[in-house]
């Protein structure tokens, strides 16, 4: 029971990931597929960020007195600053940095994917995967040779 | 667990809403509803990011995930279709099988993950605290995330900018900005695929 409480966030995030993955696999419509990919991606972000959370922590923005204590020379001031720093707990900033990069790269890949979908629609007149397969087969563009 | 912390209740509430929204995305077929729910999903996850102390990630997700992504998807939806066609049961069951197996494998691995909020886990103990300590003296900037993003990992962020540029270039090459977007038709093996379909229906 204790283990479940400690890991409940991972369980929920994995469930969300699998819902996104299911949409990617199961839908024929390409826009719905991209939405599923987006849901999957956001769930991975949730996994990383929940990994960096520290109980009782603050956002990793250094408190003003803490920052000045560390920089304003003087040995006893530094010692006092170290004492204060021990009092304030910050969450881990590293996953936040990684996920900031991932969010921006994610929207770039999404934009490319949507542009491809628009082009496919222009050429085939449909964005349903099975209909595109059927057109390819019918026109002998792919698959068995005549 | 006699007194449950209020943030835990908030976390569980947000997670429950995320599950409901993701499940609606799975079940719905109207593309407009799906795209808007994707925006809602991003916004809810941004709210959870605030609860998880990731304020920078939260406003980036709210601006980029819930804002720009939704606008891009609405634009693509307007240029294509409004409704997804039903999926045959066979494909649904096959996908369900794959997803269940993957989910089981991931659930099996949960036991190896550090406990939620553990300050002494390997992920939180060394590098993260080092960056916080170094930022106070190296880069006298209150926001550690900004310091790491723009200074310690500056080349990474530069690479990210290159990725954005290449994505923009790719979209220009795919769609064209010369006013001919949508007018060009591919003719593989001399056949006009879209016209042949137009004759049928």
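Each reported figure results from applying straightforward, stated rules to the coordinates on display, with no laboratory input. Since the model is a prediction, treat every value here as computed from it, not as a measurement. Positions of Cβ are backbone-derived with ideal geometry, glycine not excepted, and every protein chain shown enters the neighbour counts.
For the options B:35, B:101, B:21, a Gaussian network treatment of chain B with springs between C-alpha atoms closer than 10 Å singles out B:101 as fluctuating the most.
Springs join every pair of Cα atoms under 10 Å in this Gaussian network model of chain B, and among B:155, B:59, B:116 the largest mean-square fluctuation is at B:116. Normalising the average separation of contacting C-alpha pairs (under 8 angstrom, six or more residues apart) by the number of residues puts the relative contact order of chain B at 12 percent. Size check on the stretch B:22-95: the Cα extents along the three principal axes, sorted descending, read 43, 30, 15 Å. For the stretch B:1-141, the normalised intensity computed at q = 0.22 Å⁻¹ comes to -1.35 (log10 of I(q)/I(0), Debye sum over alpha carbons, equal scatterers, no solvent). Put a dot 7 Å past the Cα of residue A:109, heading toward its Cβ, do the same for residue A:55, and the two dots end up 3.5 nm apart. Using a simple spin-label model with pseudo-atoms 7 Å out from Cα toward Cβ, residue A:131 and residue B:121 lie 4.5 nm apart. Compute the helix-to-body angle for B:154-175: its Cα long axis versus the longest principal axis of chain B, expressed 0 to 90° and rounded to tens. That helix lies at roughly 10 degrees to the long axis. The stretch A:1-70 and the stretch B:58-84 have Cα centres separated by 20 Å.
Using a simple spin-label model with pseudo-atoms 7 Å out from Cα toward Cβ, residue A:5 and residue B:155 lie 4.6 nm apart. Each part reduced to its alpha carbon centroid, the stretch B:1-56 and the stretch B:89-132 end up 18 Å apart. Springs between Cα atoms under 10 Å define the GNM used for chain B, and in it the highest mean-square fluctuation of B:126, B:108, B:152 occurs at B:108. Where only DSSP H runs of four or more residues are counted, chain B gives -20500 deg cm²/dmol as its mean residue ellipticity at 222 nm, each run worth -39500 (n - 2.57). Taking the longest Cα principal axis of chain B as reference, the axis of helix B:69-79 is set at about 10 degrees.
With contacts taken as Cα pairs under 8 Å at a separation of at least 6 residues, the stretch B:10-85 carries a relative contact order of 37 percent. The long axis of helix B:6-27 is offset from the longest Cα principal axis of chain B by roughly 10 degrees.
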